[in-house]
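The values are calculated or read from the model by the stated rules, or taken from the named source; none is laboratory data. Every value quoted in this text rests on a predicted model; they were computed, and no experiment measured them. Neighbour counts run over all protein chains shown; Cβ positions are idealised from the backbone, glycine included.
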Ligand code: SF4
């Protein structure tokens, strides 16, 4: 507000006149009470619950004789530990017990639950936005770090531990200290063949896996505005790999068009009222961020990780650094790579396409585009695991499953699968995997497994060539 | 949660940065529906060879550190997933305090909620403590939460910062839910106000 206007109102500048960030607005709208030490009791609009991080929370409720305060704000689904084999056969006994425990808990506590055989089942971070359960302006939590995905809608969404899951179940709130605000502005447009995943890996390589610690990152700039919702979700999803609590993209027409008509979203006049509110959320001009980073979109190339931390990544035509730290040396030894050596050309054994990072229909279309008329290289096992049953059905309606199956890919049921290797979808020791997931930690996809993170198109190129290659060299065909 | 007041114990040096939660407790051990019993799989990949035998070079397998209650590591300890199993595994093994230059946010919160004290100290100080820890059973480090100091075997005191509310909860072994429920009236008022100003927020339907 300029001084002239302010004098018209004849009052000192108040808190409300101060330009606010999107994050400030989301935070302020959910503070129930500020505690003496400055932490806030924060109201939670949506709590997504899955089978792995909830059993001990329900057990805690039971032991204390507490109930779920707001089942109408809670949605449960099993995803991490479910078999993704066709027909869902081959579940391990302890996985079955975990699933059964979830089913017993949601029944006992009256929590809405999407059963495993429901077509809407899927990875919690895929189904939340897909069903319209996750909406702009909300606070969204889940006992899973990649809850940051939902920030793509312009919601404050973050992962919590099991004690906090119990806390939200019992109180519909969390005690939180306000994180710092960081903005990453991506100037210009991404080059053809460069995706949101490449942008995410580029940013993490720049700022490091602790670059966003203690922060909520708002992604801004032309390249971010140009992303579709799937791309924005991929970008926000990876915020946690930069150490951030959450990622955010301001809601805009792309967001509203995505949310409109989703089954659990407001409909009709209620939707219009919601949009009117959501339009007030973007950061005000002049709002102050604690930290600003600017990235030139033109500098982003298809990225591949070479090490065992998401920050250990490089452009496909770049390479592993010549001089490495002790940690990097250990990473290279684990990955069976040498300093100075590029990852391009490395032979791969397994390709994993899926996860909450890249398991949406847009990702599967990318893979099909590369796979069409080609075949999976000899000796390579390539899995496509849709992020949800609805993604799977959509892909089948578009005939993408046929393209992929004809090319020699495995077409599987929805779930987390080889992203974390909890169920039988695991790498064996020494196997090298081109993966569209988000973590390349030692043993993440199975003990001794070697993970290279990359985009769906790059993973598809790896599948059909048997090597890590630049997908742009393959030439991308259009879908018929 | 057990209260944390002071702890005098052997500290195990783990000189690595970005010790992630998959390293602390790999996903295949997350199938449990209990909090207890995860200690045997703490650092599973580092601690055991593929045939299940112990790797003698791993610090917690060495006689001096089998009963360590303090862990000293490098930057960004606990990065990765939100699994509270990481904190439960440390606790089940007997670790009550982790000292590192920095911690990942979610792990930091999870640790505190389970009576494990994460202490962030500058890298140089961690390196000095790492040297103390290298003396194994011959050196004990004391952590005094009341006074907010770490006491080296030499007697030197190093003060550390801790969130005052968390300190209060730890010292008294309080759990968050009980505390929050004292504010129940505010929560109800908030819910009512929200339903009035944003009536368009839908309920999740019963499926
Ligand atoms: S797909 Fe992977 S990262 Fe996403 S929720 Fe599942 S296990 Fe976590």
Fill in: Filter result for residue A:68 (within 16 Å of the ligand (Cβ to nearest atom), in contact with a helix residue (DSSP H, G or I) (Cβ under 6 Å, 6 or more places away or on another chain), closer than 21 Å to residue A:128 by Cβ and modelled with pLDDT of 95 or more)
no
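Kindly establish whether residue B:57 is modelled with pLDDT of 95 or more, part of a loop (DSSP other than H, G, I, E, B), farther than 25 Å from residue A:50 by Cα and at the interface with chain A (Cβ under 7 Å from one of its Cβ atoms). Full working, then the answer.
Numbers: modelled with pLDDT of 95 or more: yes; part of a loop (DSSP other than H, G, I, E, B): yes; farther than 25 Å from residue A:50 by Cα: yes; at the interface with chain A (Cβ under 7 Å from one of its Cβ atoms): no.
No: the conditions fail for residue B:57.
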Worksheet, complete the sentence: The lone condition residue A:364 fails out of (1) within 29 Å of residue B:18 (Cβ to Cβ); (2) within 16 Å of the ligand (Cβ to nearest atom); (3) assigned to a helix (DSSP H, G or I) is (1)
Item to complete: Can you tell me which residue within region A:327-351, out of those that are within 14 Å of chain B (Cβ to nearest Cβ) and modelled with pLDDT of 90 or more, is farthest from the ligand (Cβ to nearest atom)?
Response: A:329
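For (1) at the interface with another protein chain (Cβ under 8 Å from one of its Cβ atoms); (2) at pLDDT 95 or above; (3) more than 24 Å from residue B:138 (Cα to Cα), each residue gets a yes or a no:
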{"site": "B:6", "(1), (2), (3)": "no, yes, no"}
{"site": "B:12", "(1), (2), (3)": "no, yes, no"}
{"site": "B:19", "(1), (2), (3)": "no, yes, yes"}
{"site": "B:25", "(1), (2), (3)": "no, yes, yes"}
{"site": "B:34", "(1), (2), (3)": "yes, no, yes"}
{"site": "B:41", "(1), (2), (3)": "no, yes, yes"}
{"site": "B:45", "(1), (2), (3)": "yes, no, yes"}
{"site": "B:53", "(1), (2), (3)": "no, yes, yes"}
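For region A:116-130, what are the residues that are in contact with a strand residue (DSSP E or B) (Cβ under 8 Å, 6 or more places away or on another chain) and more than 15 Å from the ligand (Cβ to nearest atom)? Before the answer, list the steps.
Going through region A:116-130, the residues in contact with a strand residue (DSSP E or B) (Cβ under 8 Å, 6 or more places away or on another chain) turn out to be A:120-128, A:130.
Selection gives A:120 alone.
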Worksheet item: Where in region B:84-154 are there strands (runs of 3 or more DSSP E), lying wholly inside it, with at least 2 residues that are within 14 Å of another protein chain (Cβ to nearest Cβ)?
Response: B:117-120
Item to complete: Examine region A:235-246 for a residue that is part of a helix (DSSP H, G or I) and over 30 Å from residue B:108 (Cα atoms), and state whether such a residue exists.
Response: no
Worksheet entry | First in region A:59-80 and more than 8 Å from chain B (Cβ to nearest Cβ) and within 20 Å of residue A:146 (Cβ to Cβ), second anywhere and within 14 Å of the ligand (Cβ to nearest atom) and part of a helix (DSSP H, G or I), Cβ under 7 Å, 6 or more apart | A:77/A:124; A:77/A:127; A:79/A:124
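Looking at region A:393-408, can you tell me whether even one residue there is within 24 Å of residue A:305 (Cα to Cα) and assigned to a loop (DSSP other than H, G, I, E, B)? Reasoning before the result, please.
Applying the first criterion (within 24 Å of residue A:305 (Cα to Cα)) to region A:393-408 yields none.
No - not one qualifying residue is present in region A:393-408.
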Practice prompt. Could you tell me whether any residue of region A:341-349 is under 26 Å from residue A:79 (Cβ atoms) and either part of a loop (DSSP other than H, G, I, E, B) or touching a strand residue (DSSP E or B) at 6+ places or on another chain (Cβ under 7 Å) (or both)?
Written response: yes
Practice prompt. Exactly one condition in (1) in a helix (DSSP H, G or I); (2) closer than 27 Å to residue A:165 by Cα; (3) more than 9 Å from chain A (Cβ to nearest Cβ) is not met by residue B:64; state its number.
Written response: (2)
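Going through region A:81-115 one residue at a time, which ones are within 16 Å of the ligand (Cβ to nearest atom) and at the interface with chain B (Cβ under 8 Å from one of its Cβ atoms)?
Restricting attention to region A:81-115, the residues satisfying the condition of being within 16 Å of the ligand (Cβ to nearest atom) are A:81-84, A:95, A:98-99, A:102, A:114.
Scanning region A:81-115 gives A:81, A:95, A:98, A:114.
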Discussion item. I'd like the full set of residues that are in a loop (DSSP other than H, G, I, E, B) and facing another protein chain (nearest Cβ under 9 Å), limited to region A:39-50.
Written reply: A:39, A:45
Discussion item. Pairs needed: first member in region A:391-420, more than 14 Å from every other protein chain (Cβ to nearest Cβ) and under 17 Å from residue A:462 (Cα atoms); second member anywhere, in a loop (DSSP other than H, G, I, E, B) and more than 16 Å from the ligand (Cβ to nearest atom); C-beta distance under 7 Å; at least 6 residues apart or different chains.
Written reply: A:403/A:372; A:407/A:374; A:407/A:375; A:407/A:376; A:408/A:375; A:408/A:376; A:409/A:376
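Just one of A:430, A:449 is within 14 Å of another protein chain (Cβ to nearest Cβ), over 27 Å from residue A:117 (Cβ atoms) and more than 16 Å from the ligand (Cβ to nearest atom); which is it? Give the steps one after another, and end with the answer.
On the way: A:449 fails: more than 16 Å from the ligand (Cβ to nearest atom).
Answer to the selection: A:430.
Residue by residue, here is whether (1) closer than 26 Å to residue A:59 by Cα; (2) touching a helix residue (DSSP H, G or I) at 6+ places or on another chain (Cβ under 8 Å) holds:
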position	(1), (2)
A:79	yes, yes
A:91	yes, yes
A:96	yes, no
A:101	yes, yes
A:142	yes, yes
A:156	no, yes
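Among A:274, A:314, which is surrounded by 20 or more Cβ atoms within 10 Å (Cβ to Cβ) and closer than 25 Å to residue A:229 by Cβ?
Details: A:314 fails: closer than 25 Å to residue A:229 by Cβ.
When all the criteria are applied, what remains is A:274.
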Worksheet item: Within the group B:164, B:199, which residue is closer than 30 Å to residue A:77 by Cα, free of Cβ contacts under 8 Å to residues at least 12 places away in the same chain and within 14 Å of chain A (Cβ to nearest Cβ)?
Response: B:199
Worksheet item: Which residues, counting only those in region B:173-198, are modelled with pLDDT under 95 and not in a helix (DSSP H, G or I)?
Response: B:173, B:174, B:175, B:182, B:198
Item to complete: Sort out which residues of region A:371-394 are crowded, with 24+ Cβ neighbours inside 10 Å and either within 16 Å of the ligand (Cβ to nearest atom) or within 23 Å of the chain's Cα centre (by Cα) (or both), and write them in order of number.
Response: A:382, A:384, A:385, A:386, A:387, A:388, A:391, A:392
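Would you confirm, using the coordinates I've provided, whether residue A:161 is farther than 25 Å from residue A:363 by Cβ, within 16 Å of the ligand (Cβ to nearest atom) and touching a helix residue (DSSP H, G or I) at 6+ places or on another chain (Cβ under 8 Å)? Even if it seems obvious, please write down each step before you answer.
Details: farther than 25 Å from residue A:363 by Cβ: yes; within 16 Å of the ligand (Cβ to nearest atom): yes; touching a helix residue (DSSP H, G or I) at 6+ places or on another chain (Cβ under 8 Å): yes.
Answer is yes for this residue.
Right, residue B:128: farther than 30 Å from residue A:276 by Cβ, in contact (Cβ under 8 Å) with a residue 40 or more places away in the chain and under 23 Å from the mean Cα position of the chain (by Cα) or not?
On the way: farther than 30 Å from residue A:276 by Cβ: yes; in contact (Cβ under 8 Å) with a residue 40 or more places away in the chain: no; under 23 Å from the mean Cα position of the chain (by Cα): yes.
Spelling it out, it is not the case that residue B:128 is farther than 30 Å from residue A:276 by Cβ, in contact (Cβ under 8 Å) with a residue 40 or more places away in the chain and under 23 Å from the mean Cα position of the chain (by Cα).
Please verify whether residue A:232 is more than 14 Å from every other protein chain (Cβ to nearest Cβ), crowded, with 24+ Cβ neighbours inside 10 Å and within 20 Å of residue A:21 (Cα to Cα), treating the condition exactly as stated.
Details: more than 14 Å from every other protein chain (Cβ to nearest Cβ): yes; crowded, with 24+ Cβ neighbours inside 10 Å: yes; within 20 Å of residue A:21 (Cα to Cα): yes.
Taking the combined requirement at face value, the residue satisfies it.
Residues A:197, A:180: which one is closer than 28 Å to residue A:309 by Cβ and more than 16 Å from the ligand (Cβ to nearest atom)? Even if it seems obvious, please write down each step before you answer.
Numbers: A:197 fails: more than 16 Å from the ligand (Cβ to nearest atom).
Only one candidate qualifies: A:180.
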Discussion item. Among the residues in region A:64-78, are any in contact with a strand residue (DSSP E or B) (Cβ under 7 Å, 6 or more places away or on another chain), closer than 27 Å to residue A:109 by Cβ and assigned to a loop (DSSP other than H, G, I, E, B)?
Written reply: yes
